[in-house]
Amino acid sequence: MLPQTILNDEQGRLAALRNLEVLDSAPEEAFEHVVSLVRAVLNVPMAAVTLIDADRQWFKARSGIGAAETPRNVSFCTHAIQQTDPFLISDARLDARFASNPFVTDDPNVRSYAGIPLLTPEGYNVGVLCAIDDKVRDFNEAEVAILGNFARIVMNELELRRIAERDQLTGALTRRGFVDKAKQEMDRFRRYGRPSCLVLIDLDHFKLVNDTHGHPAGDAVLREMAATVVGSTRPVDFLGRLGGEEFAVLLPETGPSEALVAVERFRMTLAQHDIALPGGSTIRVTASFGIAPLSEAIATVEDWLAAADGPLYAAKRGGRNRCELLH
């Protein structure tokens, strides 16, 4: 892809970054290993896997760097994503773009930089693998090639990570992927106090669907249920398949009353939806929903799931095809 195309499609680039579903995720060994190797092989004091968000540079992995993120407008990597070639700086003090940069004039006293853009299969630079030195140096062709190889490993890991977090049947997040998202939401709640709700969903009488129509029909129901819920949610919401016919939805920036309105919409949309089964027939299914707002009393994701379990079972005991909110 031409650099000009990348520059002209910032919204597409940000969408590609969001699709990786990696921002604000916990440290992972594969990426930590890469930055450690970059430091050792290239003999630099600092290395990082950075992702360039709308207004910040966030480090998926870093070694020799203290901050977890920086403003985008002072990051070297913002310049690196604007081209497809390696971005190389021999002496930042002599470059008008960086001479007054706080990371050059103060700690960590950046002098030289080598960055390889992280290019998605769709052709978007979502971030950079970078090597940083506090001494003036020219990164030679062999060193840049090594860094390029490591960058490809990073992108492969990001793609594999996305695949591993998705349920193959429904496209929903796996339990592991959903738990990661819920942890991120809990971190945001602790930092900023923003509201959030978790919704447990259990298909009503799903065993009867399998017993009556067969497992291929059951799979069709699960796929359609997931697609129906996703079609009724916002881009910031997350659907996860926790196991069998049990699903969960994460509703960030949503208070209890708003969540109840949204979940009632999910319930009605699903109940009125004709699901095509193998063989040409159709079926309608319903689900029960339990909603738990995030609170200070909830310490772990398992606590949050358990909190939503109570209203879910109240919905099932109350006749199914119902929404119940934790009080």
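Residue-level check: of (1) touching a strand residue (DSSP E or B) at 6+ places or on another chain (Cβ under 6 Å); (2) surrounded by 16 or more Cβ atoms within 10 Å (Cβ to Cβ), Arg13 misses just (1). Here the condition is being in contact (Cβ under 8 Å) with a residue 60 or more places away in the chain, touching a Phe, Trp or Tyr at 6+ places or on another chain (Cβ under 6 Å) and either closer than 23 Å to Asp167 by Cβ or open to solvent by less than 70 Å² (accessible area, probe 1.4 Å) (or both); of Leu305, Leu242, Leu294, Leu260, it holds for Leu294 alone. Scanning region 57-67 for residues that are under 20 Å from the mean Cα position of the chain (by Cα) and either in contact (Cβ under 8 Å) with a residue 60 or more places away in the chain or open to solvent by 50 Å² or more (accessible area, probe 1.4 Å) (or both) returns Lys60, Arg62.
Note on region 154-172: residues that are under 23 Å from Leu118 (Cβ atoms), aliphatic (A, V, I, L, M) and at pLDDT 90 or above total 3.
Do we have Tyr113 as at pLDDT 95 or above and surrounded by 22 or more Cβ atoms within 10 Å (Cβ to Cβ) here? For Tyr113, the condition - at pLDDT 95 or above and surrounded by 22 or more Cβ atoms within 10 Å (Cβ to Cβ) - is met. Within region 120-170, the set of residues being assigned to a helix (DSSP H, G or I) and of a type in the set (Asp, Glu) comprises Glu141, Glu143, Glu157, Glu159. Of all residues in region 170-215, those satisfying the criterion of being open to solvent by 10 Å² or more (accessible area, probe 1.4 Å) and of a type in the set (S, T, N, Q) are Thr170, Thr174, Gln184, Asn210, Thr212. Only residues that are in contact (Cβ under 8 Å) with a residue 12 or more places away in the chain and either assigned to a loop (DSSP other than H, G, I, E, B) or under 15 Å from Arg152 (Cα atoms) (or both) were counted across region 90-113, and they come to 9.
If you filter region 74-98 down to residues that are within 23 Å of the chain's Cα centre (by Cα) and not hydrophobic (A, V, I, L, M, F, W, C), you find that the one that is surrounded by the fewest Cβ atoms within 10 Å (Cβ to Cβ) is Gln82.
Contact map, region 265-276: residues that are surrounded by fewer than 20 Cβ atoms within 10 Å (Cβ to Cβ) paired with residues that are basic (Lys, Arg) and outside any strand (DSSP E or B), Cβ distance under 9 Å, separation 6+ or inter-chain. Pairs shown: Ala271/Arg284; Gln272/Arg284; His273/Arg284; Asp274/Arg284. Of all residues in region 42-56, those that are open to solvent by 40 Å² or more (accessible area, probe 1.4 Å) have Cβ atoms under 7 Å from Cβ atoms of residues that are aliphatic (A, V, I, L, M), 6 or more apart or on another chain, in Ala54/Leu14. The set of residues from region 263-286 being hydroxyl-bearing (Ser, Thr, Tyr) and either within 22 Å of Asp167 (Cα to Cα) or under 25 Å from the mean Cα position of the chain (by Cα) (or both) comprises just one member, Thr286. All conditions but one from (1) open to solvent by 20 Å² or more (accessible area, probe 1.4 Å); (2) assigned to a loop (DSSP other than H, G, I, E, B); (3) closer than 23 Å to Asp167 by Cβ apply to Arg320; the one that does not is (3). Only one entry of Val236, Val249, Val285 meets the criterion of being open to solvent by less than 40 Å² (accessible area, probe 1.4 Å), in a loop (DSSP other than H, G, I, E, B) and in contact with an Asp or Glu (Cβ under 8 Å, 6 or more places away or on another chain), and that entry is Val285. All conditions in (1) open to solvent by 20 Å² or more (accessible area, probe 1.4 Å); (2) in contact with a Gly (Cβ under 9 Å, 6 or more places away or on another chain); (3) modelled with pLDDT under 95 hold for Glu29, with the sole exception of (2).
The values are calculated or read from the model by the stated rules, or taken from the named source; none is laboratory data. This structure is a prediction, so every number in the text was calculated from the model and none was measured. Ideal geometry is used to build each Cβ from the backbone, glycine not excepted, and the neighbour counts take in all protein chains shown. Surface areas here come from the heavy atoms of the whole protein model, side chains and all, with no ligands, DNA or RNA. Shrake-Rupley method; radii C 1.70, N 1.55, O 1.52, S 1.80 Å.
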